[in-house]
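The values are calculated or read from the model by the stated rules, or taken from the named source; none is laboratory data. As the structure is a computational prediction, the values presented were derived from the model and not from experiment. Using ideal geometry, Cβ is built from the backbone for each residue, glycine included, and neighbour counts are taken over all protein chains shown.
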Amino acid sequence: MSAVMPPLVIGPIGPATVEAFARASGDTNPLHVSAAIARTIGLQAAPVHGMLLVAYLHEAVRRFLPEATVAGLSTRFMAPVPVGASVEISGRTVKRHEDGGPAVLRLFVKTGNGVLACMAEATLSRAMEDGS
């Protein structure tokens with residue numbers, strides 16, 4: 001049986017958050033902080049850093065399964081999330097360990113207007129099951 005993760009809404013993800021992430025991560029690509037530069041490549045707004053969305057995915061898993069350890073997280077970005085947008089992260093268990101504990105979660109990031117921005121799979125460590 002697939003366990004459904006309650007949706008987590010984050011945002012709006014404003015310019016101050018994106019600029020703080022750029023400084024903290026060292027990813028100071030001006031594309032993420034300048035709408036004018038984003039427009040030169042056909043975007044309507046600057047896009048949120050993909051790795052910031054990955055951090056939000058980790059947070060969604062932590063809230064759903066506080067005892068879990070994410071051993072791996074693979075992501076596929078489908079569409080940019082514009083600065084100023086909110087996102088909704090949802091997911092479900094797609095694979096379980098032999099004892100029934102969750103092993104893999106499939107995760108989805110959608111923008112506030114329903115665009116699928118990212119799909120991901122989080123692999124959970126067995127350490128969450130046996131305390132090691």
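Going by what's in this entry, would residue 94 be described as modelled with pLDDT under 95, surrounded by 13 or more Cβ atoms within 10 Å (Cβ to Cβ) and more than 16 Å from the chain's Cα centre (by Cα)? Steps first, answer last, please.
Numbers: modelled with pLDDT under 95: yes; surrounded by 13 or more Cβ atoms within 10 Å (Cβ to Cβ): yes; more than 16 Å from the chain's Cα centre (by Cα): yes.
Considered against the rule, which asks whether it is modelled with pLDDT under 95, surrounded by 13 or more Cβ atoms within 10 Å (Cβ to Cβ) and more than 16 Å from the chain's Cα centre (by Cα), residue 94 comes out as yes.
If I filter the range 45-68 for residues that are touching a Lys or Arg at 6+ places or on another chain (Cβ under 9 Å) and closer than 21 Å to residue 103 by Cβ, do I get at least one hit? There is at least one residue in the range 45-68 that is touching a Lys or Arg at 6+ places or on another chain (Cβ under 9 Å) and closer than 21 Å to residue 103 by Cβ.
Residues checked against (1) buried (at least 17 other Cβ atoms within 10 Å of the Cβ); (2) free of Cβ contacts under 8 Å to residues at least 60 places away in the same chain; (3) more than 17 Å from residue 122 (Cβ to Cβ):
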{"site": "25", "(1), (2), (3)": "no, yes, yes"}
{"site": "32", "(1), (2), (3)": "yes, yes, yes"}
{"site": "55", "(1), (2), (3)": "no, yes, no"}
{"site": "60", "(1), (2), (3)": "yes, yes, no"}
{"site": "67", "(1), (2), (3)": "no, no, no"}
{"site": "70", "(1), (2), (3)": "no, yes, no"}
{"site": "79", "(1), (2), (3)": "no, yes, yes"}
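Counting the residues of the range 1-39 that are in a helix (DSSP H, G or I) and not polar (S, T, N, Q) gives 17.
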